[in-house]
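Encoded as structure tokens, the structure appears first; notes follow it.
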């Protein structure tokens, strides 16, 4: 089920919300169980066949968690233990990765082997279960923290809810049990908090507008330009930049829109999900960018990959190697394809250069540039680097990416003069109107550069007139966003 | 947070009420025809009911540049590739391109076409009446072909009933328009009504012998359909464009507006084009089909032909490009130029 659908907004959400607070009056356990069941229904609405897979994964990981915890306690009490908790953790992680590997990467690796070795192996077509990367990573983190002795609560219903909680299940944020389980256990979660509902409604509306008023309309231009290049056409320099910028905005508005909606919905139920975006295109460096883009994934990769690999504790060269390995795997997490791996490698390279620059030059030289100019030049350079990497991320293959990048760099492009562009020849690889694209691009760029992050949004409720004005604005924007429904438009991150 | 409850309940009630009304009427926002969609009139009133023939999807595939015998450059009447199926069925290999794909019949069309590897003899240029003048002017002014192919439209399926769903507010507006139509069309002297600026409903003489929909006495038309005949200068423009084609044999197919077929059938342009370029006389063929009692030649809800109408068009075009006709037509075209 999509957040941007009639079924969700007019059916699922109100029914689940009413049921939750009604049952919470009787028992918090019932309310939590209701939410868990509703989350499973939400997941199964897409394909009921995969509910079994999700439940199987939950039960296995929960049992492994209990087992690891029990053996860990026995180990620390110096009692004779049944199993080594480290071995159990290893087996559990391998099982999770095997599941993910089968569904997400098997065909990619077999295809790569076939290309290299000239073989013809096949595993047939495998349908990727929705959100598998998210629920696998969430549970690996739970197992690792259980092993580290950081898990305090093992209530099964709360665990099911932690994994399946519908606002985050399919496209994140990547949750940590430490920030969720206490919230499910807290009695205040089960009482209606109108302040939370009001702010949640506002956040949901902003997210829905990002998705339906920006991401979806601009997607047509991204698809048109990239499809034109895929069919063998050479874009103009202007067109290549427009395509790259369009995708840069599309992926941000789509993913951060989804996250805003997830945060808003969760807040209506009294649950605070972690922030996933903090105006990433305002970053003044690549290091800064990764602190603002998909923050919960960055946190996961840092805590469960980069640091266990040694982080920066084993010397400089090892640190860069760890960083590169983390970014490569981060790229591969997004999808089974070489473009994702190269995207990860590009960001690994960017981060390495950024760290080297800071250590070798920026920290040692006195400030030559005024602060604002340094931020502006750093921000511009970072934005361009991010846009270039998005081209590789979006392209179907490296040939398509190279064509786009060559045109953007002015190396090889279809020649048009600027005056021709002004007279309607901005887009030549697609029939879409260049003027309409500019109408989306310019305000979109102004939004991501100038407006505060959506998570700063808060209901101002101490004045009646102000409350009514805010309600009118939310109703108007909800109406505009709902008016865009009518065709199936899934979120980009569903595929990851 | 004093007013958070008021704020939330206000939003939930307004959006909830809008949702309840909107969802109730949402089924009305599903449109099969372009005219019902633009005019916001329900399919249950103007949707055709008599079955139409099915087309084998294999006949809808476009041939490659290298293998094509016939190139079709056309607008939405050719985009579905239905009339082309009549040619494919008879063994011809047809490639279809939209006018937008090539930006027009530009001065470099012939060398550009050769560069694509096209070895066929015929190029069918199809244009709908309401766009003929502007399209010909654009073509005359065009210097350079800027080809950008459509991606992923090489059909593998066929359906006579493709419903596209509109927004919730469209359902509500459609209900209101339907009520308005019922009221206005019931008047004794009703002849015409414009539900939206883009469309008009017109009473048709003996409409129920020509259409199968529930309100068969009336049909929908584009407001922008031409009422007057095309000027003679149009035919001269075509001659100029033909001179750009060298040894390629052009076949101009002019699709009459739906209003021309049903409301203004006395136009002379098709006779003139036939005399001068041996262009298929689509108007005469369609009028003859109506006289034979063909129902839903154009469905009431659509500005395009029905599948029956497309197959008639395909047969007509085939007659003009089949080998038996080619020699004569070439001679005629050259004499006219």
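Using Cβ counts within 10 Å as a stand-in for footprinting exposure, how do A:350, A:165 rank, fewest first?
Going from sparsest to densest Cβ surroundings: A:350, A:165.
For segment A:241-356, what relative contact order do you get, as a whole percent, if you take Cα pairs closer than 8 Å and at least 6 residues apart? Before the final figure, lay out the partial values.
Numbers: 97 pairs, mean separation 19.1, N = 116.
About 16 percent, as a whole number.
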Q. Sorted by average packing, counted as other Cβ atoms within 10 angstrom per residue and highest first, what order do A:468-474, A:252-258 take?
A. A:252-258, A:468-474
Q | Folded to 0 to 90 degrees: helix B:323-336 orientation relative to chain B principal axis, Cα | A | 80
Q | Share antiparallel - DSSP beta bridges, segment B:28-173, percent rounded to 5 | A | 20
Q: Using a 10 Å cut-off on Cβ to Cβ distances, tally the other chain neighbours for every residue of A:473-483 and report the average as a whole number.
A: 3
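Determine the shielding of peptide A:196-202 by partner chains: average, over its residues, the number of Cβ atoms on other chains within 10 angstrom of each Cβ. Don't skip to the end; give the middle numbers.
On the way: counts 3, 7, 9, 4, 1, 6, 3.
Average neighbour count from other chains, rounded to a whole number: 5.
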**Q.** DSSP-defined antiparallel bridges as percent of all bridges, the protein assembly as shown, nearest 5
**A.** 40
Q | chain A - mean residue ellipticity at 222 nm from DSSP helices (-39,500 (n - 2.57) per run, n ≥ 4, rounded to 500) | A | -21000 deg cm²/dmol
**Q.** Separation between Cα centres of segment B:76-131 and segment B:18-57, rounded to whole Å
**A.** 31
Q) Can you give the calculated 222 nm mean residue ellipticity of chain B, where each DSSP H run of n ≥ 4 adds -39,500 (n - 2.57) and the sum is split over every residue, rounded to the nearest 500 deg cm²/dmol? A) -13000 deg cm²/dmol
**Q.** Rounded, prolate or oblate (a/c below 1.5 giving rounded, otherwise prolate when a/b exceeds b/c) for segment A:389-449 by Cα gyration tensor
**A.** oblate
Q) Does anyone have the angle between helix B:168-185 and the longest principal axis of chain B? Alpha-carbon axes, 0 to 90°, nearest 10? A) 80
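Ignore the peptide's own chain and count Cβ atoms of other chains within 10 Å of each Cβ in B:9-19; give me the average, rounded.
Numbers: counts 4, 7, 11, 4, 1, 6, 10, 3, 0, 5, 6.
If you average over the peptide's residues, the count of other-chain Cβ atoms is 5.
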Q) Using the count of nearby Cβ atoms within 10 Å as a rough guide to exposure, how do A:63, A:163 rank from fewest to most? A) A:63, A:163
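Quick note: the coordinates plus some simple rules give every number you see, no bench work behind them. Computed from a prediction, not measured in an experiment: that's the story for all the values here. Positions of Cβ are generated from backbone atoms using ideal geometry, with glycine treated the same way; all protein chains shown enter the neighbour counts.
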